[in-house]
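Asker: Following this message is one structure expressed as structure tokens.
The values are calculated or read from the model by the stated rules, or taken from the named source; none is laboratory data. Keep in mind the model is a prediction, meaning the values are calculated, not measured. Ligands, DNA and RNA are excluded from the accessible area calculation, which covers all protein heavy atoms including side chains. Shrake-Rupley method; radii C 1.70, N 1.55, O 1.52, S 1.80 Å.
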Amino acid sequence: MRKKIGISAMIMFISTILLKISGLARDILIANYFGDSYLAEAYLAAFIIPNMMILFMQNGMKEVFVPQYFQYKKKQAEVAFLSHIFQSSFVIGILLAILGMILAPFLIDLLYPAFNEETATVATRIMRILMIAVCIVCINAVLESYLDATYRYHLSALSQMFVWVTMIGFTILFVTQLGVYVLAWGYLLGSLISFLFKKLFIRRLQLTKHKLHIRLASRYYLELLPVGITIMIGQLNLMVDNVYASYFREGVITYVNYAKNLVHLPQTVIAAVVGAVLFAHISENYAKQNLTAFQQSLSRASQVTFFLTLPAVAGLTLILPAVIEMLFERGAFSANATLETARVGYFYAGSAFFFSINVVWNKALYTMGKGTAIFKIGLISIGLNILLNQLLTGWISYYGIPLASSLVGAYYSISTYLVYLKINQAKTPTKAERQYSEFIKIVLAAIAMASVILWMQQAIEPLHTIVQVVLLVAAGIIIYFGCCQLFRVKALTFLIRRLRD
């Protein structure tokens, strides 16, 4: 069983990394063909609302579907349960698609009143295409949750990869004919191919055999609602960022989106690493009510997260202009766009750091059944984000948008940690002192790494950008891990031991 959990965790880790890389490849593609133009802005703005629905269904569905599936399996009614949820999700998907297509022009005008007529028209058309995809995503989410519940994680992850790979390939082939709309049509086609792929592996199941049970479906979606909304909070905050960005000159929306996605890349990778290595133990210890082991697992997870997050965010921030130039600066994406994206990215560093270290405490509260607390913190974060954007954009222009996100990240992380401490009534000064000493060692190692990177940047400036990035990353890794080994950082020792196991 332990081996099976380890294999499943590794599959989830690899799939998370590949999905994030696919998302980055999408951004690179948009930048290449449309740069920081109003067309790129129209797509990124239009994608927000459909993507909120997609996250609600895909991520929220798995949180609710899997435990309920096992409950119905005990009653030998899991196929009927799957059928009811599949049918109800299909109906909801159709309703959302129709409603979204009708309301698209009103929503674009409401959210982005600063858009000119041409940008608003393009955004409206893109949103309507994407709303058709939402219908398919609704049933895709059910099938992916079923595959996860039957331990076929690799099929679920692979099917999600098809969406992005199809979108990228379709864009490259037909961008000349379809223009910016190729991105939306590619996503729609990818969603359809993803559905057909999953259907191959569950073709024996008669998903429409059972008559739709309205009461069961209603109870299910009432339980899904708060979970899905909590998952959507990050996307709601991004929508706030985009709304404020739309009031500035053409290109700012693209700078905000490209910078945020790139700077937050370590967050997803670190969450995947910590999840693969520790989250199963955290859940297992709490399920057994072994609270001492539960707190020890959380303490270790927080150290590992900090150990990985600090150098990743600091290192990426230091070499950000070179990384953006290497990844984005080609085609329609100019040197000026690189500079502006980097400047915005600097202010997102705090957001990436705080939301990365918050992963552990989020997991702790969910494991303890305190999702409501996370929901409340998330709702407050949206209001705080709006207030800070209003204040900071008037002070430092659109650089206030990412700065507001970083301050919101600090609030979110600190609030989640304080709620965890309150619930556990954790008063362990001796352990805290030992943990603080570990954090100090990590900070010193990161400072040594940053000093070497700053010194090297001037020395290797004449070299090609790709060579610069490779040398700086290699040097940063060697110096940081070398110092951690010298300081005997426990997080490094733990990770090495787990990799050997």
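Asker: Which sequence of ARG498, ARG219 reflects their accessible areas, 1.4 Å probe, from the largest down?
Answerer: Solvent-accessible surface, decreasing: ARG219, ARG498.
Asker: Could you give the DSSP H helices of the chain that reach 20 angstrom or more along their long axis (alpha carbon positions) and whose average Kyte-Doolittle hydropathy is no lower than 1.6?
Answerer: Answer set is 78-111, 465-487.
Asker: In square angstrom, rounded to the nearest 10, how much accessible surface does TRP361 have for a 1.4 Å probe?
Answerer: Looks like 30 Å² after rounding.
Asker: Which pairs in the list LYS20/LYS198; LYS75/LYS376; LYS260/LYS288; LYS199/LYS288; LYS20/LYS75 are over 31 Å apart, alpha-carbon to alpha-carbon? Don't jump to the answer; show the numbers that get you there.
Answerer: Details: LYS20/LYS198 21 Å; LYS75/LYS376 35 Å; LYS260/LYS288 39 Å; LYS199/LYS288 37 Å; LYS20/LYS75 38 Å.
Long pairs (Cα-Cα over 31 Å): LYS75/LYS376; LYS260/LYS288; LYS199/LYS288; LYS20/LYS75.
Asker: Still on this structure: Please report the relative contact order for the chain, taking Cα pairs under 8 Å with a sequence separation of at least 6, and give it as a percent rounded to a whole number.
Answerer: Relative contact order comes out at 19 percent.
Asker: OK, next. Would you kindly state how much longer the chain becomes between VAL91 and ILE440 on full extension, computed as 0.36 nm times their sequence separation minus their alpha carbon distance, in nm to one decimal?
Answerer: Working: separation 349, 0.36 × 349 = 125.64 nm, distance 5.42 nm.
Net length gain for the segment: 120.2 nm.
Asker: Is segment 40-162 best put as rounded, prolate or oblate by its Cα gyration tensor, with a ≥ b ≥ c the root eigenvalues, rounded for a/c under 1.5, and otherwise prolate when a/b is larger than b/c, oblate when not?
Answerer: It is prolate, given that a/c is not under 1.5 and a/b is the larger ratio.
Asker: Whenever you get a sec, line up CYS483, CYS138 from highest to lowest accessible area (probe 1.4 Å, protein heavy atoms).
Answerer: Largest to smallest exposure gives the sequence CYS483, CYS138.
Asker: Just subtract the alpha-carbon distance of VAL470 and SER334 from 0.36 nm times their residue separation and send over the number in nm, one decimal.
Answerer: 46.7 nm
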